[in-house]
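Everything below concerns the one structure shown next.
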Amino acid sequence: MKNKKDNNFSNEHKAYLRKERNKKIIITVSRILILVLILGIWELCAQAKAIDPFITSSPSRVIKTIGDLYKNGTLFYHIGITLAETIAGFVIAVVFGYAVAVVLWWSDSVHKVLEPYIVVLNSLPKIALGPLIIIWIGTGYTAIIFMTVIVSVIVCIMNMLAGFIAVDKTKVTLMKSMGANKLTTLRKLIMPATLPALMNTLKVAVGLAWIGSIMGEYIVSKAGLGYLIVYGGQVFKLDLVMTATFILCVLAGGMYGIIAVIEKRFNK
């Protein structure tokens, strides 16, 4: 079957496809080599005492700390808590942000009234709300999820609203001339046309959700990767700090990768 498909392509097109495949392979291998190089230099510098491993840790110490956390049964406990908080905050922020963007697109008057407040809320340093969040919501997981949402949601609103507004006005006018109401225009034109904007919003929201959850754990948590970072810094267990940071990078990269796969599927 594959050979029959290939026979439908010209030699020039086959050469182009091979070139694109080779390009993707080179990019993937280059990424892996850069990561291996960074980790290797880090480890060599720590072993040679060119840097103080007590302060900077090292890949081997990070691996050992991960093993220790696994042995005492806390590794997946802390990962699970932070991951659950981040995913919950991410989903709420994206869904709520999308809904608010739809409302602002639907009513130009509401958009003009609320726009200054949205800009001000976006510029507000969210960490300053930490003490208020503790008073309003308490010190449980709900407070951390709330922090994740407020860090992410404004950017989600602004990105999606920009995508809605950027849709070709000629097409919107054509829909109106054909008798389409607002809801039909939204379903048939705006939402499909803004799928790329939605994908970009998801990519941005992933990073912000991790920032929000870790900020929340800094303030109120008793478990999670943010808690490990704070605890490790307080007792000078910097291997623990670097280990928790490394795990965060892996998890954030994994979530971003899932979004990239979804985006690729939608693009097809």
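Would the stretch 62-75 turn up any residue that is farther than 26 Å from Trp42 by Cβ, assigned by TED's automatic domain parsing to the domain that holds Val206, among the small types (Gly, Ala, Ser) and part of a helix (DSSP H, G or I)?
Checking the stretch 62-75: not a single residue is farther than 26 Å from Trp42 by Cβ, assigned by TED's automatic domain parsing to the domain that holds Val206, among the small types (Gly, Ala, Ser) and part of a helix (DSSP H, G or I).
Looking for something within 21 Å of Val95 (Cβ to Cβ), of a type in the set (Lys, Arg) and more than 16 Å from the chain's Cα centre (by Cα) - is there at least one such residue anywhere in the stretch 177-186?
yes
I'd like the residue in the stretch 123-136 that is assigned to a helix (DSSP H, G or I) and of a type in the set (A, V, I, L, M, F, W, C) and, out of all such residues, is surrounded by the most Cβ atoms within 10 Å (Cβ to Cβ).
Selected residue: Ile133.
Would you mind telling me which numbered condition in (1) more than 14 Å from Ala205 (Cβ to Cβ); (2) assigned to a helix (DSSP H, G or I); (3) over 19 Å from the mean Cα position of the chain (by Cα) Thr139 fails?
Just one mismatch for Thr139, condition (2).
Looking at the stretch 217-226 only, could you name the residues that are modelled with pLDDT under 85 and either of a type outside the set (A, V, I, L, M, F, W, C) or not assigned by TED's automatic domain parsing to the domain that holds Phe90 (or both)?
Glu217, Tyr218, Ser221, Lys222, Gly224
Output yes when any residue across the stretch 235-248 is at negative phi, of a type in the set (Phe, Trp, Tyr) and either assigned by TED's automatic domain parsing to the domain that holds Leu104 or crowded, with 16+ Cβ neighbours inside 10 Å (or both), and no when none is.
yes
Determine, yes or no, whether Val120 is assigned to a helix (DSSP H, G or I), assigned by TED's automatic domain parsing to the domain that holds Met191, more than 21 Å from Lys222 (Cβ to Cβ) and within 25 Å of the chain's Cα centre (by Cα).
Yes, satisfied.
Look at Ala101 and say whether it is at pLDDT 90 or above, surrounded by 14 or more Cβ atoms within 10 Å (Cβ to Cβ), in a helix (DSSP H, G or I) and within 17 Å of the chain's Cα centre (by Cα).
Taking the combined requirement at face value, the residue does not satisfy it.
Got a sec? Which helices (runs of 4 or more DSSP H) wholly within the stretch 153-268 have at least 3 residues that are free of Cβ contacts under 8 Å to residues at least 12 places away in the same chain and within 30 Å of Lys112 (Cα to Cα)?
169-177
Here is a check on your reading of the model: is Ile27 in a helix (DSSP H, G or I), hydrophobic (A, V, I, L, M, F, W, C) and either outside the structural domain of Asn200 (by TED's automatic domain parsing) or touching a Lys or Arg at 6+ places or on another chain (Cβ under 7 Å) (or both)?
Here the answer is yes, as Ile27 does meet what is asked.
Can you pull out every residue in the stretch 207-235 that is among the β-branched types (Val, Ile, Thr) and either in contact with a Leu (Cβ under 8 Å, 6 or more places away or on another chain) or more than 20 Å from Val149 (Cβ to Cβ) (or both)?
If the condition is that a residue be among the β-branched types (Val, Ile, Thr) and either in contact with a Leu (Cβ under 8 Å, 6 or more places away or on another chain) or more than 20 Å from Val149 (Cβ to Cβ) (or both), then Ile214, Ile229, Val230, Val235 are the ones that fit.
Has the stretch 80-90 got at least one residue that is modelled with pLDDT of 85 or more and surrounded by fewer than 15 Cβ atoms within 10 Å (Cβ to Cβ)?
Yes; the residues of the stretch 80-90 include at least one that is modelled with pLDDT of 85 or more and surrounded by fewer than 15 Cβ atoms within 10 Å (Cβ to Cβ).
Quickly run through the stretch 153-178 and pick out the residues that are buried (at least 18 other Cβ atoms within 10 Å of the Cβ) and at pLDDT 85 or above.
Val153, Ile154, Cys156, Ile157, Met158, Asn159, Met160, Leu161, Gly163, Phe164
Please work out which residue is farthest from the chain's Cα centre (by Cα), limiting yourself to the stretch 17-59 and to residues that are among the small types (Gly, Ala, Ser) and exposed (fewer than 15 other Cβ atoms within 10 Å of the Cβ).
Ala48
If you scan the stretch 67-79, which residues turn out to be touching a residue at least 40 places away in the same chain (Cβ under 8 Å) and either surrounded by fewer than 16 Cβ atoms within 10 Å (Cβ to Cβ) or of a type in the set (Asp, Glu) (or both)?
Passing the criteria: only Tyr77.
Within the stretch 36-62, track down each residue that is modelled with pLDDT of 85 or more and among the basic types (Lys, Arg).
Across the stretch 36-62, the qualifying residue is only Arg61.
The values are calculated or read from the model by the stated rules, or taken from the named source; none is laboratory data. Bear in mind that the values here come from a model prediction, so they are computed numbers and not experimental data. Cβ sites come from the backbone with ideal geometry, for glycine too, and all protein chains shown count toward neighbours.
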